[in-house]
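Student: Okay, handing you the structure first.
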Amino acid sequence: MRATALLAAALFTAPLAACGGGDDTAGGPPTVNWYIGNEGWLPDVIEACNAEASGAYRIVAESLPTNPDQQREQLVRRLAARDDSIDLIGMDVVWTGEFAKAGWITPFEEGELENVGSAEQVLKGPFESAQFDDQQYGAPLNSNTRLLWYRKSMLGDRPVPKTWDELLDTAEELDVKVQETGKRAESLVVFFNALLESAGGSIVQPTEDGTTELDLPEEPTKKALEIMRRYADSAAAPAALSTSAEDDNRLAFESPDSDSAFMLNWPYVYPSVLEADPELAKDYGWAPYPAVVEGQPARPALGGYNLGIGSYTRDRDAALAAVNCLTKPEQQRTIATTGGQPSVLRELGDDPELLKQLPFLPIMTEQLENAAPRPVSPQYNDISLAVRQVLHPMQDIDPEKSYDDLKDLLERALKSQAVL
Amino acid sequence: MTATTTAPASRKRSGGPVKTTDRAKAERNLGLKLAAPAAIIMLLVTAYPICYAVYLSLFRYDLRVPEENAFVGLDNYVLILTSGVWWEAVLATAVITVISVAIELVIGLAFALVMHRAIFGRRTVRTAILIPYGIITVIAAFAFRFAVQPDTGFIGDVNPLGGTIGSFATIIITEVWKTTPFMSLLLLAGLATVPEELQEAAKVDGATAWQRLWKVTLPNMKSAILVALLFRALDAFRIFDTVYVQTAGQFKSQTISGLGYNALISRVNLGLGSAISILLFLMIIAIAFLFVKGFKTNLGTVKGED
């Protein structure tokens, strides 16, 4: 009887103890719990920093789901419940505004960040994505933009397309497919935001009182919608367009008998093909993201992680020390080489060792200067859901009507009054 | 065989007033006392959250902009009821509910008859029919998604989840596959109450199998059919997992529960989300009310013809 009770007690309390994560009473170095999606480079950078800390702190990764929407949901639930086991958060760049406004992360004071605290150290796009309300809430960890990938053998001696119109013309003439994301997911917002920003517009504008208001200028928005519609109707659109996300695109492009000559995707596709089929990797070409307006460089959406320190952490100093270690050039180099995710540091822009492994880096660095952060807004998630609601499926877009619908729904979304 | 054959006279007893003795009263009191703790706990765990949701639904209450929270009266309900997205979800939910429950009723009845009439291997037949109901909905939803997707599926080079009709069809087929056993189980219970003598009498009168089904069996299990329909309709109206896994609301297939999930879990907009949940709750009550009314009048007609 007693044994059963003990067993029951043990079963009941064990998971609770596991939840408590950052319990320091057990002695040893303070634990820094890092909530982040499961990335291949995590063990390496954590090991490096734990070794360097030599007992000052110990980073423990708390793995989140692979899907970014689900990562965010789990974090938001925990943060709204003031979970004090969250010390460090690997935030998708677009969550920064939302988490800051809600008071779930604390801003970095002047001088607290050794490696990524100023615009001189960090590339412009990633740096802007970490700012909210004139304060720095995120420590940029890595960055990302989509590039135009093409198969050299299929393109032949034709010029690499520089604009979306050229891209679709070329693909139609060659009778090949262009792989882009069309699923009703965040990736569709990434696509739309890139076209809109490249056309000279943006979804929202910051206001003086630290909030955001709807921008969505008519001309550029309709231009972006026209391109999406033209692409969806074109013979260059793959059959599975309305259900594919980035990884579906990668798989379709990577398959040996693929009929896709072009793909717009994040640079992780390159380390991926190098591992899957090194011969095929030689056929991969890369170019800047196609422009919308001729002669005006594209402004593809920015991806990547910002590190944030949770507001309910029990040891902010340890978390800050961990941030300063994780953002060092050594760690950024590891992330770039094993994950294909470029560094945010200006000093690594022409690093010869990185260039050898990631030959597309110069184009990338240039793009990161131009890249458009997706709206840094506390209502980002609602904005994103509203865009997905109106623009999916792409073949049903009607530039005139969709523009009005988008405007109407986004206006409601910004006031957190939209049913989505 | 002009009139519908009715239930035997034994049913009559339950309807008439019965004189209660002291002993019966005491027993009823004891029964109430024994049931009270469970009832109180039920009230605490269901009534409290429901009341709290009603309360929250009257506020602008968004955890992401905590300083803007304020009492807004019925504004949340107005916002929802004037939104196109809401009505699209109501339509999607209604379409999925009506079609899947209708198909389930027909197949479920066929299964119930098979289970009822099976002469050999009765246990095997019943187990085989009930297996899908033992599978977790999320797993069934994934199984069907993988079955129809072009890259993992076996139905060829088409992409049903890439269009409106295909999306709805996939969701409905999954629902039907998964819950028909439940329907047939409820109907089997109804079949068991149809007295065998009536069947034999009808057979002697020269009724065909089809006539016996329509004029003897079905009228006598009307209440079982209504109960089965009610249970499944309430269940189907709250559909969430299948849609979440298979389409995530793509192609106008977002359901009311999906909207509630987005508002409450993904957007932590507790005010708006609570209002959506309350509206769903009211719709469920309305459906239940309609069914219960239908259920009562039916019992009445059965008795009236006695």
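Student: Can you find a residue in the range B:128-148 that is free of Cβ contacts under 8 Å to residues at least 60 places away in the same chain and within 14 Å of another protein chain (Cβ to nearest Cβ)?
Tutor: Yes, the range B:128-148 contains at least one residue that is free of Cβ contacts under 8 Å to residues at least 60 places away in the same chain and within 14 Å of another protein chain (Cβ to nearest Cβ).
Student: Looking only at residues that are in a loop (DSSP other than H, G, I, E, B) and of a type in the set (A, V, I, L, M, F, W, C) in the range A:212-255, which one is nearest to residue A:401 (Cα to Cα)?
Tutor: The selected residue is A:216.
Student: Exactly one condition in (1) at pLDDT 90 or above; (2) among the aliphatic types (A, V, I, L, M); (3) assigned to a helix (DSSP H, G or I) is false for residue B:218; which is it?
Tutor: With (1) at pLDDT 90 or above; (2) among the aliphatic types (A, V, I, L, M); (3) assigned to a helix (DSSP H, G or I) applied to residue B:218, the lone miss is (1).
Student: Please note which helices (runs of 4 or more DSSP H) are completely contained in the range A:350-395 and include at least 3 residues that are within 14 Å of chain B (Cβ to nearest Cβ), touching a residue at least 24 places away in the same chain (Cβ under 8 Å) and out of contact with any Ser or Thr (no Cβ under 7 Å at 6 or more places or on another chain).
Tutor: A:380-391
Student: If you don't mind, another one. If you check residue A:105 against the conditions, is it within 18 Å of residue A:305 (Cβ to Cβ), touching a residue at least 40 places away in the same chain (Cβ under 8 Å), hydrophobic (A, V, I, L, M, F, W, C) and outside the structural domain of residue A:190 (by TED's automatic domain parsing)?
Tutor: Taking the combined requirement at face value, the residue satisfies it.
Student: Another question, then. Considering only residues of the range A:64-93 that are of a type in the set (Val, Ile, Thr) and either more than 13 Å from every other protein chain (Cβ to nearest Cβ) or in contact with a strand residue (DSSP E or B) (Cβ under 6 Å, 6 or more places away or on another chain) (or both), which is surrounded by the most Cβ atoms within 10 Å (Cβ to Cβ)?
Tutor: Taking the candidates together, the pick is A:89.
Student: Okay, moving on. Inspect all residues belonging to the range B:118-141 and state whether any of them is at pLDDT 90 or above and in a loop (DSSP other than H, G, I, E, B).
Tutor: Within the range B:118-141 (the criterion being at pLDDT 90 or above and in a loop (DSSP other than H, G, I, E, B)), the answer is yes, since at least one residue qualifies.
Student: Restricting attention to the range B:252-267, and to residues there that are outside any loop (DSSP other than H, G, I, E, B) and either among the hydroxyl-bearing types (Ser, Thr, Tyr) or more than 9 Å from every other protein chain (Cβ to nearest Cβ) (or both), which single residue is farthest from residue A:412 (Cα to Cα)?
Tutor: B:257
Student: Taking the residues in the range B:52-81 that are more than 13 Å from chain A (Cβ to nearest Cβ) and over 12 Å from residue B:274 (Cβ atoms) as candidates, determine which candidate is farthest from the chain's Cα centre (by Cα).
Tutor: Looking at residues that are more than 13 Å from chain A (Cβ to nearest Cβ) and over 12 Å from residue B:274 (Cβ atoms), I get B:71.
Student: Another question, then. So if I check each of B:164, B:193, B:208, B:180, which one is surrounded by 21 or more Cβ atoms within 10 Å (Cβ to Cβ) and of a type in the set (Ser, Thr, Tyr)?
Tutor: B:180
Student: Same structure, new question: Does at least one position in the range A:274-291 carry a residue that is assigned to a helix (DSSP H, G or I) and in the same structural domain as residue A:53 (by TED's automatic domain parsing)?
Tutor: no
Student: Scan the range B:50-67 and give yes if some residue there is closer than 30 Å to residue B:227 by Cβ, free of Cβ contacts under 8 Å to residues at least 60 places away in the same chain and assigned to a helix (DSSP H, G or I), otherwise no.
Tutor: Yes, the range B:50-67 contains a residue that is closer than 30 Å to residue B:227 by Cβ, free of Cβ contacts under 8 Å to residues at least 60 places away in the same chain and assigned to a helix (DSSP H, G or I).
Student: Let me ask something else. Only one of A:206, A:140 is in contact with a strand residue (DSSP E or B) (Cβ under 9 Å, 6 or more places away or on another chain), more than 19 Å from residue A:298 (Cα to Cα), more than 14 Å from chain B (Cβ to nearest Cβ) and buried (at least 24 other Cβ atoms within 10 Å of the Cβ); which?
Tutor: Exactly one residue qualifies, and that residue is A:140.
The values are calculated or read from the model by the stated rules, or taken from the named source; none is laboratory data. Predicted, not measured: the structure shown is a model, and the values here were computed from it. Reconstructed Cβ throughout: ideal geometry from the backbone, glycine too, with neighbour counts over all protein chains shown.
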